[in-house]
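Working notes, beginning with the structure itself.
The values are calculated or read from the model by the stated rules, or taken from the named source; none is laboratory data. Given the structure is predicted, the values throughout are model-derived calculations rather than measurements. Cβ atoms come from the backbone with ideal geometry, glycine included; neighbour counts cover every protein chain shown. SASA here: full protein model, heavy atoms, side chains in, ligands and nucleic acids out. Shrake-Rupley method; radii C 1.70, N 1.55, O 1.52, S 1.80 Å.
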Amino acid sequence: MASYRGYNIFSVIQLFRNLKNKDKSNIAEENYQIPYKYIQNWLRVLSQLRNVCAHYGRLYNKRLVVKLLLETKDAKLVSNDKLFGVIFVLKKISTSKNEWLSFKTKLEALVEEYNDTIELEHIGFPLNWRDLLRTQR
């Protein structure tokens, strides 16, 4: 079971899902300045992606079962049914600039390492992916 700093992701998702809509709204608005329906959807997608990884599933050239709910401006930038969309959402919900920069640096190194082997468009990476991940939120 995946955990982050001692929190089981399924517990966090279930906790958020069970909150009153007013409380969900407060959390989403105060922390991310977006409606809670986005956070709820993103948690669900992250959970499903985690399950694919935990069971050694394929992410390359795979479409997400549950599509990401994206704001109109973001939907024009990234696909809502590929891996890059999830990475883009992780950027939006990251609360630590240092952790995000560390993740982004490792991602760039991984992409560079396998640059000759993979085609980034198969996992939803647009040509300007580095720019899209450059700034937090």
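Quote the relative contact order of the chain in percent (integer), defining contacts as alpha-carbon pairs under 8 Å separated by 6+ residues. Could the numbers behind the result be given before it?
Details: 108 pairs, mean separation 27.6, N = 137.
Computed over the chain, the figure is 20 percent.
For residue 23, what accessible area in Å² do you get when you roll a 1.4 Å probe over the heavy atoms of the protein chains, rounding to the nearest 10?
Solvent-accessible area, nearest 10 Å²: 70 Å².
Looking at segment 46-126, which chymotrypsin sites (Phe, Trp or Tyr not before Pro) are in a loop (DSSP not H, G, I, E or B) and have at most 16 other Cβ atoms within 10 Å?
Values: sites: 56, 60, 84, 88, 100, 103, 114; in loops: 56, 60, 114.
Answer in residue order: 56, 60, 114.
Find the lysine pairs in the chain meeting two conditions, Cα atoms under 18 Å apart and a separation of 8 or more places or different chains, and report how many there are.
Lysine pairs meeting both conditions in the chain amount to 26.
Quick one: if you stick a label point 7 Å off each Cα along the C-beta vector at residue 97 and residue 48, how many nm between them?
Once both label points are built, they end up 3.4 nm from each other.
What does the accessible area per residue of segment 77-137 come to in Å², with a 1.4 Å probe and no ligands, DNA or RNA counted? Intermediate values should be presented prior to the final figure.
Working: 3540 Å² over 61 residues.
About 58 Å² of surface per residue is accessible.
Using a simple spin-label model with points 7 Å from Cα along the Cα→Cβ vector, what separation in nm is obtained for residue 27 and residue 62?
In this crude spin-label approximation the distance works out to 2.6 nm.
Could you work out how much longer the chain between residue 10 and residue 105 gets when fully extended? Use 0.36 nm per residue separation minus the Cα distance between them, nm to one decimal. Mind showing how you got there, number by number?
Working: separation 95, 0.36 × 95 = 34.20 nm, distance 2.74 nm.
Difference between extended and current length: 31.5 nm.
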